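Written out below as C-alpha coordinates is the structure these notes cover.
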Amino acid sequence: MKAIKSVISVAIVAIAVLLSSTPADAQIKFGIKAGANFNSLKFNQDLLDSDNRAGFNGGVMLEFTMPLIGVGMDASVMYVHRSGKSGVSELDENGNIVSTSTSFSRNYIDIPLNLKYKLSLPGIGSLVKPFVTTGPSFAFLISKKSINEFLKNKSCDIAWNFGFGVELFSHVQVAASYGLGLTNTLETVGVVDNNETIEGKNRYWTVTAAYLF
(Lines give C-alpha, C1' and ligand atoms only; values in the text may rest on other atoms or scores of the structure.)
Protein backbone atom coordinates (compact mmCIF):
# COMPACT_ATOMS: atom_id res chain seq x y z
CA MET A 1 0.00 0.00 0.00
CA LYS A 2 2.89 2.40 0.74
CA ALA A 3 4.34 1.76 -2.72
CA ILE A 4 0.97 2.48 -4.35
CA LYS A 5 0.60 5.74 -2.41
CA SER A 6 4.13 6.76 -3.40
CA VAL A 7 3.48 6.17 -7.12
CA ILE A 8 0.19 8.07 -6.96
CA SER A 9 1.83 10.97 -5.10
CA VAL A 10 4.65 11.23 -7.65
CA ALA A 11 2.13 11.21 -10.52
CA ILE A 12 0.03 13.95 -8.90
CA VAL A 13 3.11 16.11 -8.28
CA ALA A 14 4.27 15.62 -11.89
CA ILE A 15 0.86 16.68 -13.23
CA ALA A 16 0.80 19.73 -10.96
CA VAL A 17 4.27 20.81 -12.11
CA LEU A 18 3.40 20.37 -15.78
CA LEU A 19 0.12 22.24 -15.44
CA SER A 20 1.72 25.11 -13.50
CA SER A 21 4.41 25.48 -16.17
CA THR A 22 2.06 25.24 -19.13
CA PRO A 23 2.29 28.35 -21.34
CA ALA A 24 -0.83 30.45 -21.76
CA ASP A 25 -0.93 29.64 -25.47
CA ALA A 26 -0.68 25.87 -24.99
CA GLN A 27 -3.25 23.80 -26.85
CA ILE A 28 -5.76 22.24 -24.46
CA LYS A 29 -8.33 19.76 -25.77
CA PHE A 30 -11.10 17.67 -24.23
CA GLY A 31 -12.36 14.49 -25.85
CA ILE A 32 -14.14 11.17 -25.69
CA LYS A 33 -12.37 7.86 -26.22
CA ALA A 34 -13.35 4.20 -26.67
CA GLY A 35 -11.73 0.99 -27.77
CA ALA A 36 -10.78 -2.61 -27.09
CA ASN A 37 -8.24 -4.26 -24.81
CA PHE A 38 -6.57 -7.66 -25.01
CA ASN A 39 -5.46 -8.95 -21.64
CA SER A 40 -3.30 -11.80 -20.36
CA LEU A 41 -1.93 -12.65 -16.92
CA LYS A 42 1.67 -13.40 -15.99
CA PHE A 43 1.86 -15.69 -12.95
CA ASN A 44 4.86 -16.16 -10.67
CA GLN A 45 4.58 -19.96 -10.89
CA ASP A 46 4.00 -22.51 -13.64
CA LEU A 47 0.99 -24.07 -11.92
CA LEU A 48 -1.25 -21.46 -13.52
CA ASP A 49 -1.51 -20.37 -17.13
CA SER A 50 -3.64 -17.77 -18.86
CA ASP A 51 -5.08 -17.14 -22.33
CA ASN A 52 -5.36 -13.79 -24.09
CA ARG A 53 -8.86 -12.42 -23.60
CA ALA A 54 -10.67 -9.43 -25.16
CA GLY A 55 -12.46 -6.61 -23.34
CA PHE A 56 -13.54 -3.03 -23.95
CA ASN A 57 -13.07 0.49 -22.58
CA GLY A 58 -14.59 3.94 -22.86
CA GLY A 59 -14.34 7.33 -21.19
CA VAL A 60 -13.09 10.90 -21.43
CA MET A 61 -9.67 12.47 -21.87
CA LEU A 62 -7.90 15.81 -21.48
CA GLU A 63 -4.82 16.75 -23.49
CA PHE A 64 -2.51 19.71 -23.53
CA THR A 65 0.40 20.28 -25.87
CA MET A 66 3.13 22.89 -25.53
CA PRO A 67 3.51 25.06 -28.64
CA LEU A 68 6.33 24.51 -31.14
CA ILE A 69 8.04 21.58 -29.40
CA GLY A 70 5.10 19.15 -29.54
CA VAL A 71 5.56 17.84 -25.99
CA GLY A 72 2.53 17.55 -23.74
CA MET A 73 0.45 15.26 -21.63
CA ASP A 74 -2.88 13.51 -21.68
CA ALA A 75 -4.97 12.15 -18.83
CA SER A 76 -8.03 9.92 -19.12
CA VAL A 77 -10.74 8.50 -16.92
CA MET A 78 -11.86 5.21 -18.44
CA TYR A 79 -14.28 2.43 -17.66
CA VAL A 80 -12.42 -0.80 -18.47
CA HIS A 81 -13.86 -4.30 -18.73
CA ARG A 82 -11.28 -7.08 -18.70
CA SER A 83 -12.06 -10.76 -19.07
CA GLY A 84 -9.77 -13.62 -18.18
CA LYS A 85 -9.39 -17.36 -18.16
CA SER A 86 -6.86 -19.18 -16.01
CA GLY A 87 -5.91 -22.84 -15.91
CA VAL A 88 -4.70 -24.79 -12.88
CA SER A 89 -2.76 -28.07 -13.08
CA GLU A 90 -2.74 -30.32 -10.01
CA LEU A 91 -2.04 -33.95 -9.11
CA ASP A 92 -4.99 -36.05 -7.96
CA GLU A 93 -4.81 -38.81 -5.35
CA ASN A 94 -3.69 -41.28 -8.01
CA GLY A 95 -0.81 -39.09 -9.18
CA ASN A 96 -2.50 -38.05 -12.43
CA ILE A 97 -2.35 -34.46 -13.70
CA VAL A 98 -5.76 -32.80 -13.56
CA SER A 99 -6.34 -29.43 -15.26
CA THR A 100 -9.22 -27.11 -14.46
CA SER A 101 -10.01 -23.66 -15.90
CA THR A 102 -11.88 -20.63 -14.61
CA SER A 103 -13.34 -17.78 -16.68
CA PHE A 104 -13.85 -14.43 -14.98
CA SER A 105 -14.36 -10.72 -15.68
CA ARG A 106 -13.15 -7.59 -13.93
CA ASN A 107 -14.38 -4.00 -14.16
CA TYR A 108 -12.19 -1.00 -13.38
CA ILE A 109 -12.07 2.77 -13.37
CA ASP A 110 -8.70 3.30 -15.03
CA ILE A 111 -6.76 6.60 -14.92
CA PRO A 112 -3.81 6.60 -17.37
CA LEU A 113 -1.44 9.60 -17.21
CA ASN A 114 0.80 9.90 -20.27
CA LEU A 115 3.58 12.09 -21.48
CA LYS A 116 3.00 12.63 -25.20
CA TYR A 117 5.23 13.76 -28.04
CA LYS A 118 3.70 14.77 -31.38
CA LEU A 119 5.83 14.87 -34.51
CA SER A 120 4.89 17.70 -36.86
CA LEU A 121 5.46 16.62 -40.45
CA PRO A 122 6.40 19.41 -42.90
CA GLY A 123 3.53 20.32 -45.20
CA ILE A 124 0.99 17.89 -43.75
CA GLY A 125 1.28 18.63 -40.03
CA SER A 126 -2.28 19.95 -39.89
CA LEU A 127 -3.59 16.71 -41.42
CA VAL A 128 -1.45 13.94 -39.89
CA LYS A 129 0.64 13.94 -36.72
CA PRO A 130 2.24 10.74 -35.42
CA PHE A 131 2.80 10.59 -31.66
CA VAL A 132 4.28 8.41 -28.93
CA THR A 133 3.20 8.16 -25.29
CA THR A 134 4.37 6.68 -22.03
CA GLY A 135 3.26 6.86 -18.43
CA PRO A 136 1.58 5.10 -15.50
CA SER A 137 -2.04 4.02 -15.17
CA PHE A 138 -4.02 3.40 -12.00
CA ALA A 139 -6.93 0.98 -12.30
CA PHE A 140 -9.37 0.79 -9.37
CA LEU A 141 -11.55 -2.31 -9.12
CA ILE A 142 -15.30 -1.67 -9.09
CA SER A 143 -16.46 -5.29 -9.45
CA LYS A 144 -16.29 -7.97 -6.77
CA LYS A 145 -12.93 -9.17 -5.45
CA SER A 146 -13.70 -12.88 -5.20
CA ILE A 147 -13.54 -14.93 -8.40
CA ASN A 148 -13.87 -18.37 -6.80
CA GLU A 149 -12.59 -20.19 -3.74
CA PHE A 150 -8.92 -19.73 -4.68
CA LEU A 151 -8.77 -16.60 -6.87
CA LYS A 152 -9.08 -13.05 -5.58
CA ASN A 153 -8.75 -9.66 -7.35
CA LYS A 154 -6.72 -6.82 -5.89
CA SER A 155 -8.39 -3.42 -5.34
CA CYS A 156 -5.81 -1.43 -7.32
CA ASP A 157 -3.79 -2.39 -10.38
CA ILE A 158 -0.84 -0.16 -11.37
CA ALA A 159 0.81 -0.49 -14.78
CA TRP A 160 3.20 1.40 -17.04
CA ASN A 161 2.05 2.04 -20.62
CA PHE A 162 4.05 2.47 -23.83
CA GLY A 163 2.04 3.67 -26.81
CA PHE A 164 2.01 5.13 -30.30
CA GLY A 165 -0.62 6.55 -32.62
CA VAL A 166 -1.60 9.16 -35.14
CA GLU A 167 -3.70 12.33 -34.99
CA LEU A 168 -5.85 13.11 -38.03
CA PHE A 169 -7.21 16.57 -38.92
CA SER A 170 -6.32 17.84 -35.40
CA HIS A 171 -9.38 16.11 -33.89
CA VAL A 172 -9.23 12.33 -34.33
CA GLN A 173 -6.63 10.17 -32.58
CA VAL A 174 -6.10 6.46 -33.16
CA ALA A 175 -3.66 4.81 -30.77
CA ALA A 176 -2.33 1.51 -29.46
CA SER A 177 -0.45 0.90 -26.23
CA TYR A 178 1.09 -1.94 -24.27
CA GLY A 179 0.56 -2.08 -20.51
CA LEU A 180 3.13 -3.70 -18.25
CA GLY A 181 1.68 -4.54 -14.84
CA LEU A 182 3.76 -3.29 -11.92
CA THR A 183 1.63 -4.66 -9.09
CA ASN A 184 -0.24 -7.92 -8.59
CA THR A 185 -3.71 -7.73 -10.09
CA LEU A 186 -4.87 -10.94 -8.42
CA GLU A 187 -3.65 -13.66 -6.12
CA THR A 188 -4.48 -17.28 -5.50
CA VAL A 189 -4.33 -18.97 -2.12
CA GLY A 190 -4.20 -22.66 -1.22
CA VAL A 191 -3.64 -24.01 -4.74
CA VAL A 192 -0.58 -26.04 -3.79
CA ASP A 193 0.03 -28.38 -0.85
CA ASN A 194 2.02 -25.93 1.26
CA ASN A 195 -0.69 -23.26 0.90
CA GLU A 196 1.69 -21.07 -1.09
CA THR A 197 0.33 -17.86 -2.59
CA ILE A 198 0.47 -17.57 -6.37
CA GLU A 199 0.30 -14.04 -7.76
CA GLY A 200 -0.42 -12.63 -11.23
CA LYS A 201 0.35 -9.39 -13.05
CA ASN A 202 -1.51 -7.90 -16.01
CA ARG A 203 -0.08 -7.71 -19.51
CA TYR A 204 -2.37 -6.05 -22.05
CA TRP A 205 -2.70 -4.29 -25.39
CA THR A 206 -5.18 -1.43 -25.72
CA VAL A 207 -6.45 0.01 -29.02
CA THR A 208 -8.50 3.23 -28.89
CA ALA A 209 -10.05 5.91 -31.06
CA ALA A 210 -10.68 9.38 -29.65
CA TYR A 211 -12.38 12.56 -30.83
CA LEU A 212 -11.01 15.83 -29.41
CA PHE A 213 -13.04 19.03 -29.36
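The values are calculated or read from the model by the stated rules, or taken from the named source; none is laboratory data. As the structure is a prediction and not an experimental result, all values here were calculated from the model. Virtual Cβ from ideal backbone geometry, glycine too; neighbours counted across all protein chains shown.
Listing for the model above:
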quantity	calculated
Failed item in (1) touching a strand residue (DSSP E or B) at 6+ places or on another chain (Cβ under 9 Å); (2) modelled with pLDDT of 80 or more; (3) hydroxyl-bearing (Ser, Thr, Tyr), with SER101 passing the rest	(2)
Whichever residue in region 154-173 is of a type outside the set (Phe, Trp, Tyr), surrounded by fewer than 16 Cβ atoms within 10 Å (Cβ to Cβ) and closer than 23 Å to ILE69 by Cβ and, among such residues, is modelled with the lowest pLDDT	SER170
Residue selected from region 177-213 under the condition assigned to a loop (DSSP other than H, G, I, E, B) and under 23 Å from ALA139 (Cα atoms), by the criterion modelled with the lowest pLDDT	VAL189
Test: LEU151 is touching a residue at least 60 places away in the same chain (Cβ under 8 Å) and surrounded by 15 or more Cβ atoms within 10 Å (Cβ to Cβ)	yes
Subset tally (residues that are of a type outside the set (Val, Ile, Thr), loosely packed, with under 14 Cβ neighbours inside 10 Å, without any contact (Cβ under 8 Å) to a residue 40 or more places away in the chain and more than 21 Å from GLY200 (Cα to Cα)) for region 123-148	2
Long-range neighbours under 6 Å by Cβ, at least six apart or interchain, first residue among the small types (Gly, Ala, Ser) within region 62-73, second in a loop (DSSP other than H, G, I, E, B) and surrounded by 15 or more Cβ atoms within 10 Å (Cβ to Cβ)	GLY72/MET66
Hits in region 133-169 - residues which are assigned to a loop (DSSP other than H, G, I, E, B) and either under 20 Å from PHE38 (Cα atoms) or in contact with a strand residue (DSSP E or B) (Cβ under 8 Å, 6 or more places away or on another chain) (or both)	ILE142, SER143, LYS144, LYS145, ILE147, ASN148, PHE150, LYS154, SER155
